[in-house]
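Structure first, then comments.
Derivation of every value follows stated rules applied to the coordinates shown; laboratory data play no part. Only a predicted model underlies this, so the values are computations on that prediction, with no experimental measurement involved. For neighbour counting, all protein chains shown are included, and Cβ atoms are generated from backbone atoms with ideal geometry for every residue, glycine included.
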Amino acid sequence: MKIVNPDTGEILPAGSKGVVKVRGPQIMKGYYKNPIATEKVLDKEGWLDTGDIGWLVPQSSIGAGRHCGGMLVLEGRAKDTIVLSTVLHLLLTIQLYSISLWQSSTHLQP
């Protein structure tokens with residue numbers, strides 16, 4: 001996973017907001033019989049542009065953030081999305097679950 005400048009594609013340091021890109025065996029190789037759509041989201045090195053805006057929490061050895069270094073924080077979308085009620089429900093469920101996990105790991109109450 002990496003965070004890049006949306007204009008230049010330059011990799012940004014932890015704490016800097018940019019576009020989230022991911023790569024790995026779990027990432028698709030492309031859209032079935034649609035090379036044009038594939039070129040829009042996958043670069044030549046196999047990095048998938050998720051369309052999300054986010055940043056990585058910087059590593060710290062002190063304070064409340066010492067357990068959070070390297071975590072991904074998503075703040076919005078860089079791309080337009082197709083709005084489907086099922087997908088939105090799933091995204092909200094994931095976000096609420098993530099917040100719940102974070103609160104339980106930091107022993108904070110809502």
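Quick notes
- Region 1-66: chymotrypsin sites (Phe, Trp or Tyr not before Pro) in DSSP coil with no more than 14 other Cβ atoms inside 10 Å: 31, 32
- Eligible lysines near residue 29 by straight Cα distance, threshold 21 Å, same-chain separation 8 or greater: 2, 21, 40, 44, 79
- Cα gyration tensor shape of region 7-58, rounded if a/c is under 1.5, else prolate or oblate by comparing a/b with b/c: prolate
- Size of electric dipole in region 2-79: Cβ of Lys, Arg +1 and of Asp, Glu -1, about Cα centre, debye, nearest 20: 220 debye
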